[in-house]
């Protein structure tokens with residue numbers, strides 16, 4: 001089968017078509033014929049070797065990709081699932097060596113695979129699993145009560161958009177940042193207050209929430225620059241790793257979505273929320289496997305709204 005990976009770490013041009021053996025599902029697994037794989041910032045870390053300590057337990061090629069959509073092709077012996085062969089599905093993938101989402105077929109834990117939202121295309125469905133579960137995990141860690149205030153940075157991005165929409169579904173008040181060109185987009189996600197993004201975003205948030213927000217999800221990786229927006233004893237979530245001593249009793253939650261990769265009920269709930277219009281599935285552009293490097297190049301240039309998708 002075809003996959004997209006790297007033999008040598010490097011820039012977008014390092015991505016190439018590789019041939020791998022077709023996988024077979026074992027006990028507790030299902031086989032997915034992948035039709036679409038979303039391109040995420042974490043995929044670029046596999047390509048550049050930023051996560052090489054984990055990867056180098058295996059020989060190359062290293063295949064990126066954390067979320068896919070396609071068709072269920074087989075069910076492993078003894079696997080408990082309510083899915084039927086031929087069903088349209090979406091899944092979260094934990095990349096490991098040559099096992100990554102940029103592949104035509106994947107054997108995955110059954111708990112990582114659910115029915116795709118009804119009425120969606122493969123390209124739309126593949127944008128939801130990883131980012132949706134990341135947002136869900138952050139909100140679960142915060143455990144805020146309805147009416148409490150959450151701030152979201154990077155709200156125009158895919159993760160930020162899901163954070164806003166899921167928080168509103170949970171009954172939270174949301175303050176989000178956006179560039180002027182994205183204010184209408186972020187307002188459309190349901191943000192109660194939209195402030196201008198920039199180095200002084202913490203001060204802008206405090207103009208609206210004088211005592212500080214109860215929690216802040218930092219999807220745009222601003223780190224210490226946003227601490228002043230959080231009240232004493234509040235909470236802060238990061239998504240790409242960050243270590244520092246937190247001020248004023250603020251709790252730091254490091255969100256690693258791998259911990260939610262088998263949270264089947266959470267993934268199925270996201271699918272239902274997409275069906276109900278709670279979540280907005282956004283596809284920015286699609287690419288054939290041969291142009292995967294172009295998709296990475298566009299992602300790293302910044303400013304993409306919605307997900308870039310590789311279609312097999």
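Residues that are touching a residue at least 60 places away in the same chain (Cβ under 8 Å): which strands (runs of 3 or more DSSP E) entirely in segment 87-187 hold 1 or more of them?
Here the list reads 88-92, 105-109, 113-115, 149-153.
Identify all residues within segment 237-250 that are touching a helix residue (DSSP H, G or I) at 6+ places or on another chain (Cβ under 9 Å) and more than 22 Å from residue 100 (Cβ to Cβ); write none if there are none.
237, 238, 242, 244, 246, 247, 248, 250
If you check residue 46 against the conditions, is it surrounded by 16 or more Cβ atoms within 10 Å (Cβ to Cβ), over 19 Å from the mean Cα position of the chain (by Cα), assigned by TED's automatic domain parsing to the domain that holds residue 305 and within 30 Å of residue 219 (Cα to Cα)?
no
Which number in (1) closer than 26 Å to residue 178 by Cβ; (2) surrounded by 15 or more Cβ atoms within 10 Å (Cβ to Cβ); (3) over 14 Å from the mean Cα position of the chain (by Cα) marks the one condition that residue 276 misses?
(2)
Within segment 299-312, count every residue that is in a strand (DSSP E or B) and either under 15 Å from the mean Cα position of the chain (by Cα) or surrounded by fewer than 18 Cβ atoms within 10 Å (Cβ to Cβ) (or both).
4
Can you give me the number of residues within segment 279-293 that are within 14 Å of the chain's Cα centre (by Cα) and part of a loop (DSSP other than H, G, I, E, B)?
4
Of these, 73, 29, 19, which one is surrounded by 16 or more Cβ atoms within 10 Å (Cβ to Cβ) and without any contact (Cβ under 8 Å) to a residue 60 or more places away in the chain?
So the residue among 73, 29, 19 that is surrounded by 16 or more Cβ atoms within 10 Å (Cβ to Cβ) and without any contact (Cβ under 8 Å) to a residue 60 or more places away in the chain is 73.
Do we find a residue being at negative phi and without any contact (Cβ under 8 Å) to a residue 12 or more places away in the chain anywhere in segment 55-68?
yes
Please determine, by comparing only the residues of segment 226-239 that are over 23 Å from the mean Cα position of the chain (by Cα) and free of Cβ contacts under 8 Å to residues at least 60 places away in the same chain, which one is surrounded by the most Cβ atoms within 10 Å (Cβ to Cβ).
Of everything passing the filter in segment 226-239, 234 is surrounded by the most Cβ atoms within 10 Å (Cβ to Cβ).
Kindly indicate whether residue 296 is over 18 Å from the mean Cα position of the chain (by Cα), surrounded by 13 or more Cβ atoms within 10 Å (Cβ to Cβ) and modelled with pLDDT of 95 or more.
no
If you go through segment 240-254, how many residues are under 19 Å from residue 213 (Cα atoms) and either within 15 Å of the chain's Cα centre (by Cα) or outside any loop (DSSP other than H, G, I, E, B) (or both)?
4
Tell me the residue from 214, 228, 232 that is part of a strand (DSSP E or B), out of contact with any strand residue (DSSP E or B) (no Cβ under 9 Å at 6 or more places or on another chain) and at pLDDT 95 or above, please.
232
Taking segment 10-22 on its own, how many of its residues are more than 14 Å from residue 294 (Cα to Cα) and out of contact with any strand residue (DSSP E or B) (no Cβ under 8 Å at 6 or more places or on another chain)?
Number satisfying all stated conditions: 1.
Determine the pairs where a residue that is touching a residue at least 12 places away in the same chain (Cβ under 8 Å), located within segment 286-312, has a partner that is surrounded by fewer than 16 Cβ atoms within 10 Å (Cβ to Cβ) and in a helix (DSSP H, G or I) with Cβ atoms under 6 Å apart, the partner being 6 or more residues away or on another chain.
Listed by first residue and then by second, the contacts come to 293/13.
The values are calculated or read from the model by the stated rules, or taken from the named source; none is laboratory data. The structure displayed is predicted, hence computed values, not measured ones. When we count neighbours, we look across all protein chains shown, and the Cβ atoms used for this are built from the backbone with ideal geometry, even at glycine.
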